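Each remark here refers to the structure printed beneath this line.
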Amino acid sequence: MRDLKVLRTKHEVQKELLALRGEGKRIGFVPTMGALHQGHFALMQKAHEFADEVVVSIFVNPTQFGPNEDFDTYPRTFEDDLDHCRRENVSLVFAPEVSEMYVKENYIKFSLRSLGDHLCGASRQGHFDGVIQIVNKLFNIIRPDVAVFGQKDIQQFRILDRMVTEFD
Ligand code: PAF
């Protein structure tokens, strides 16, 4: 089992990953909102196939929850999540506070023109705008060589795939 680093700030993560990249390591990334389960473990295992070091983010992202959705009651099982990450040989967990990720007032907003208005998106107005916003930010911070997403949520997967195409 590798030592697991748990970092709370963007700066610490960037510094750590710069060092790993300097050693020629490929970085795999699995973004999560915690409450980790078998599905997440499979994503971590898949990331190991393509990368030398696997980074997991644990962040319950408020901007993808609607006003009547369950942000406050979303399960938070941080210590168990860390144990699972250790077992899956994850090198680094990025677990920021909301204040680390967001300024008080956003002037700029992501807005999906297509792909988000049917299936799950039809009943969750703005949900995928929030998903794109956070995954974009996480990609900017972590700059992974490879990121792994479940296809159980195929709509999210398609939208993020499109985001990567449009935002390079
Ligand atoms: O699928 C999830 O758990 C979330 O939507 C994600 C991709 C971690 C973004 O918050």
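Points to keep in mind about this one:
- What the Cα convex hull of the range 1-100 gives, in volume per residue, is 101 Å³.
- For Asp70 and Phe157, the FRET efficiency from 1/(1 + (r/R0)^6), where r spans their Cβ atoms and R0 equals 25 Å, is about 0.70.
- The range 32-77 has equivalent-ellipsoid semi-axes of 26, 11, 8 Å, by the square roots of 5 times the alpha carbon gyration tensor eigenvalues, sorted largest first.
- Set Lys46/Lys104; Lys46/Lys137; Lys5/Lys137; Lys5/Lys109; Lys15/Lys104; Lys25/Lys109 screened for pairs whose C-alpha atoms are more than 29 Å apart: Lys46/Lys104; Lys5/Lys109; Lys25/Lys109
- Between 0 and 90 degrees, the angle of helix 38-50 with respect to the longest Cα principal axis of the chain falls at about 60 degrees.
- Label-to-label distance for Leu18 and Ala42 is 3.8 nm, based on points extended 7 Å past Cα in the beta-carbon direction.
- Taking amide H positions as modeled 1.01 Å from N, with prolines and chain starts lacking one, the residues under 5 Å from Phe29 and 5 or more places away or on another chain are Val55, Val146, Ala147, Val148.
- Among the GluC sites (Glu not before Pro) within the range 88-168, those in coil by DSSP and having at most 11 neighbouring Cβ atoms inside 10 Å are Glu97, Glu105.
- Backbone N under 19 Å from the His11 label point (7 Å along Cα→Cβ), restricted to the range 120-146: 138, 140-143
- Cα centre as origin, Lys/Arg/Asp/Glu Cβ charges: the range 27-156 dipole, Debye: 360 debye
- Taking GluC sites (Glu not before Pro) across the range 48-79, the ones in a DSSP loop with at most 16 further Cβ atoms lying within 10 angstrom of their Cβ are Glu69.
- Figure legend: label point modelled 7 angstrom from the Cα of Ala35 along Cα→Cβ; residues of the range 143-159 with amide N under 18 Å from it are 150-154, 156.
- Whether the range 92-149 is rounded, prolate or oblate, judged on the alpha carbon gyration tensor where a/c under 1.5 counts as rounded: oblate
- Taken one residue at a time, the phi angles of the range 25-34 give Karplus couplings (6.51, -1.76, 1.60, θ = phi - 60°) of 7, 8, 9, x, 9, 10, x, 9, 10, x Hz. Gly and Pro are set to x.
- At 1.002 mPa s and 20 °C, Stokes diffusion of the chain via Kirkwood alpha-carbon radius, µm² per second: 130 µm²/s
- For Ser91, Ser123, Ser57, the sequence from fewest to most other C-beta atoms within 10 Å is Ser123, Ser91, Ser57.
- Estimated from the Cβ-Cβ distance and a Förster radius of 25 angstrom, the FRET efficiency linking Asp80 and Asp3 is about 0.85.
- Degrees separating the helix 154-167 axis from the principal Cα axis of the chain, which is the longest one: 80 degrees
Read-outs throughout are calculated quantities, based only on the coordinates presented, and are distinct from any laboratory measurement. No experiment lies behind these values; they were computed from the predicted model shown. Cβ sites come from the backbone with ideal geometry, for glycine too, and all protein chains shown count toward neighbours.
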